[in-house]
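Read-outs: derived from the displayed coordinates by stated rules, not from any lab. Note that the structure is predicted; figures quoted are calculated from it, not measured. Cβ placement follows ideal geometry from the backbone for every residue including glycine, while neighbour counts extend to all protein chains displayed.
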């Protein structure tokens, strides 16, 4: 997995330099973050992603994105419901490598809506401590992605990019079978066209 980003970057640059049908190379940087305080706990979410894409004609773009996401929950919990509160923390991190094909639906002077589809390869790590119980888990996953968004031109080379991406996931609850759900993330970022 460690070689995925440099290898994908080298392949896309090579394609961009050797293929006459690819007009532009695009570089993007996006991020998001939030902190929420609810009763006895604090939840913190952060993410950042970098991307490179090359044009395939006028309406299609082939791209690679590497996304890092962190989530932290900490606070106090009454595990036995006896009024005795203990501390807890639950942190997780994800590294996702995504390959996608994007289709621009319309090329406006200012607004360009788009849709995308692709595949994501990721790694997930979780650490937790609730009272005396502590543990950690690691897992890898591969799955399809779909997305939609809007690019807003700032000038000839820079644009603001708003996007939302969905991918399948599995949620497990104590005492029940695993349930299929959708993970999603919304990002805002800046894109530079070379």
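Data overview
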{"quantity": "Value at 222 nm in deg cm²/dmol, rounded to 500, when DSSP H runs of n ≥ 4 in the chain each add -39,500 (n - 2.57)", "calculated": "-2500 deg cm²/dmol"}
{"quantity": "Ranking of 64, 124 by count of other Cβ atoms within 10 Å, fewest first", "calculated": "124, 64"}
{"quantity": "Neighbour-count ranking [beta-carbon atoms within 10 angstrom, fewest first] of 184, 55, 138", "calculated": "138, 184, 55"}
{"quantity": "Cα gyration tensor shape for the stretch 47-150, rounded if a/c is under 1.5, else prolate or oblate", "calculated": "prolate"}
{"quantity": "Using a Förster distance of 41 Å, the FRET efficiency for residue 91-residue 58 (Cβ separation, nearest 0.05)", "calculated": "0.40"}
{"quantity": "Span from the the stretch 176-194 Cα centroid across to the the stretch 114-157 one, whole angstrom", "calculated": "6 Å"}
{"quantity": "With Cα atoms, 0 to 90° folded angle of helix 4-18 axis to the chain main axis", "calculated": "10 degrees"}
{"quantity": "Most fluctuating residue given options 83, 122, 143, as computed from a GNM of the chain linking Cα atoms under 10 Å", "calculated": "83"}
{"quantity": "The stretch 72-194 - percent relative contact order, Cα under 8 Å, separation 6 or more", "calculated": "18 percent"}
{"quantity": "Whether the chain is rounded, prolate or oblate, judged on the alpha carbon gyration tensor where a/c under 1.5 counts as rounded", "calculated": "prolate"}
{"quantity": "Residues 44, 65, sorted so that the one with the fewest Cβ neighbours within 10 Å comes first", "calculated": "44, 65"}
